[in-house]
Amino acid sequence: MADQEDWSTDANEALEISIVQAGSGSPKTLSTFHPQFTYPIFGEEERIFGYQGLRVNLRFAAHDLRPNIEVLYDKRFKAVGDTKATNIEETLKEWMPEVSFEKVGAFNSHIQNDSSARHWKPPGELLESYTSKGRKFEIWSGELTDPAIRQIIERIQILISFFIEGGTPLQLDDLDWTLSRWRVYFIYEKLSDLSSPNASHYSIVGYSTSYRFVTYIPHQRLTPHLLHDFNLPPDKPIAPNSLPHRARISQFLILPSHHSHGHGTHLYNAMVQTFLADPTCVEITVEDPNEAFDDLRDYCDYPRLLANNSLSQISLTTSLPPHLTQKRPGIRVPTSKLLPLPLLEHIRKKNKIAPRQFARLVEMHLLSLIS
Ligand code: ACO
């Protein structure tokens, strides 16, 4: 019998994710990539036991993300006592909807014959269109209560575990009553259909979710002034969606085949514009940003604050009282003496930026003044 090592496969290598275009004859593969992490699914070691020559093909229709899982291998380990090959389908059932497990032939014929794909539009409303390197892209957004949006999220969100360390898919059944607080933002590439000028194909590029985190305001503080500020009716019950809230960006993903083409920047900026335009949104926050997202956020927030002249109002004070300017060892000048803190707070609130992120931006700005 071969030793254990021969029967163990790197799960990240074995799993191959493909985006396939439907409705244009035989399935056309638009992009293929491997997951970055599989430990939440296959365990800390990210290995699958019991196969030789293993390949797990996870394919998604480019437009509505209909998924299919196909497990291929040369040899499978014959069970010896309690030692059995990993049941890959069974393991993935916790992560993927039922439709993923239909026979590969059924999936192929669905993809081949899905003529609706050529006239399909992403669900929700169109927020923005842009071009990058001569290709057309669109950002769409809608509520998670929209069944078409929910279906796409159910199908695609395994990718959150594959590409965001510590990222967890939304437990959609548990969200239930808070579902209307969630919005989804999709980026799709709009591909021309060469056989028909009126048709086009949409292909997923990435998506993000945001959550309305309701800000508690004690009843006695709901003054007429505040009601006016948040556009709330003074004499009617307040609809949950018009309550002042923090927008929290929860999951943010651009597919690897589209990285470094400015899509993350477009998506983040489009989301921020919707939060800024919403009078009930008081602050934009991010749930557990990683380093790559922190960079993206800085690259987007800093130019925005420069362009709207927020940063130009901030400078270090040059007229400190003499006892603070004397160079004595250990002297610490209080921040309140160096910076116009009330003005800073005003600018921060106007731009709806969370305190820690605003402090980063102010620091960058001050460094730019002295460098
Ligand atoms: N000056 C210099 N560089 C810039 C500028 C600028 N003004 N603007 C952008 N960049 C660079 C960035 O440094 C980065 O460079 P790199 O590609 O060499 O790393 C790149 O441009 C990033 O910009 P975009 O192309 O707009 O970003 P992209 O579309 O690649 O998306 C993202 C970035 C979202 C982090 C993507 O890599 C991704 O999805 N990663 C995997 C999932 C992930 O980590 N998501 C964030 C988790 S945190 C959360 O979900 C809240």
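Global dimensions of the chain from alpha-carbon coordinates: Rg and Dmax equal 25.5, 84 Å.
By the helix-only formula, in which each DSSP H run with n ≥ 4 contributes -39500 (n - 2.57) and the sum is divided by residues, the chain has a 222 nm mean residue ellipticity of -8500 deg cm²/dmol.
Look at the alpha carbon pairs under 8 Å that are at least 6 residues apart: their mean separation over the length of the chain gives a relative contact order of 11 percent. The orientation-averaged projected area of the convex hull spanned by the Cα atoms of the range 62-189 comes to 11.6 nm².
Straight-distance candidates among the aspartates and glutamates for linking to residue 190, with alpha-carbon spacing under 16 Å and chain neighbours fewer than 8 residues away dropped: 64, 125, 128, 138. What you get for the range 4-140, charging only the Cβ of Lys and Arg (+1) and of Asp and Glu (-1), is a dipole of about 700 debye around the Cα centre.
For the range 1-132, the Kirkwood hydrodynamic radius comes to 16.7 Å, computed from all pairs of different C-alpha atoms. With contacts taken as Cα pairs under 8 Å and at least 6 residues apart, the range 4-115 reaches a relative contact order of 30 percent.
For the range 141-221, chymotrypsin sites (Phe, Trp or Tyr not before Pro) meeting the loop criterion (DSSP other than H, G, I, E, B) and having at most 13 other Cβ atoms within 10 Å: 216.
Taken together, the values in this text are just the output of simple stated rules run on the coordinates, not laboratory data. Values in this document were obtained by computation on a predicted structure and should not be read as measured data. FYI the Cβ positions are ideal-geometry reconstructions off the backbone, even for glycines, and counts take in every protein chain you see.
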